[in-house]
1. Please report the base-10 log of the normalised intensity I(q)/I(0) for the chain, using a Debye sum with one equal scatterer per alpha carbon and no solvent, at each q in 0.11 (1/Å).
2. Rounded to a whole number, what % of the accessible area of the chain do carbon and sulfur atoms account for, probe 1.4 Å?
3. How far is helix 27-37 tilted off the main Cα axis of the chain, in degrees rounded to 10, range 0 to 90?
4. Between LYS37 and GLU63, what is the spin-label point distance in nm, taking each point 7 Å from the Cα along the Cα→C-beta axis?
5. What is the helix-to-structure angle for 46-58, meaning the angle in degrees between its Cα long axis and the longest Cα principal axis of the chain, kept from 0 to 90 and rounded to the nearest 10?
6. Which Cα, out of ILE8, VAL88, VAL42, lies furthest along the positive dipole direction of the chain (beta carbon charges, K/R +1, D/E -1)?
7. Suppose every K and R has +1 on its Cβ and every D and E has -1 on its Cβ; what is the size of the dipole of the range 20-90 about the Cα centre, in Debye to the nearest 20?
8. Got a number for the accessible area of GLU58? Probe 1.4 Å, square angstrom, nearest 10.
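The values are calculated or read from the model by the stated rules, or taken from the named source; none is laboratory data. In this text, all values refer to a predicted model and were calculated from it rather than measured experimentally. Methodologically, a virtual Cβ is constructed for each residue, glycine included, from the backbone with ideal geometry; neighbour enumeration extends over all protein chains shown. Calculation scope for accessible area: heavy atoms of the full protein, side chains included, ligands and nucleic acids excluded. Shrake-Rupley method; radii C 1.70, N 1.55, O 1.52, S 1.80 Å.
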Amino acid sequence: MAKRTLEILTESMFYVLMSFMGKEMCGIEIAEFVERKTKGRVRLGPGTLYTILGKFEEEHFIEEIQVEGRKRTYRITEKGIQAYRDEVTRLRMCIADAESEGYL
């Protein structure tokens, strides 16, 4: 059976999707959101950020909605919202498993 693409999100991917839950954003806004939200723990360089955005566009998690020169603005799709919610559920289950074993 073929592996589902982006079944589990990396930490950077998770925060990029989170950034879109509030509003449409361009790359610099996404990078600033992630750095601010994680208090600098996660920093996205342009290569990482645009690789993630490219994958998300391919998977139809986001869509480009505006281009002004080099500035591109994106918004999350219903599929992206579901991927974000699925990842939140998965992470909650991981924490619950650790708690049930007394490891937290």
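1. With one equal scatterer per Cα and no solvent, log10 I(q)/I(0) is -0.37.
2. Solvent-exposed carbon and sulfur of the chain make up 50 percent of the total.
3. 30 degrees
4. In this crude spin-label approximation the distance works out to 2.2 nm.
5. Its long axis makes an angle of about 80 degrees.
6. Looking along the dipole axis, the top candidate is VAL42.
7. Computed about the Cα centre, the dipole is about 400 debye.
8. Counting only protein heavy atoms, GLU58 exposes about 140 Å² to solvent.
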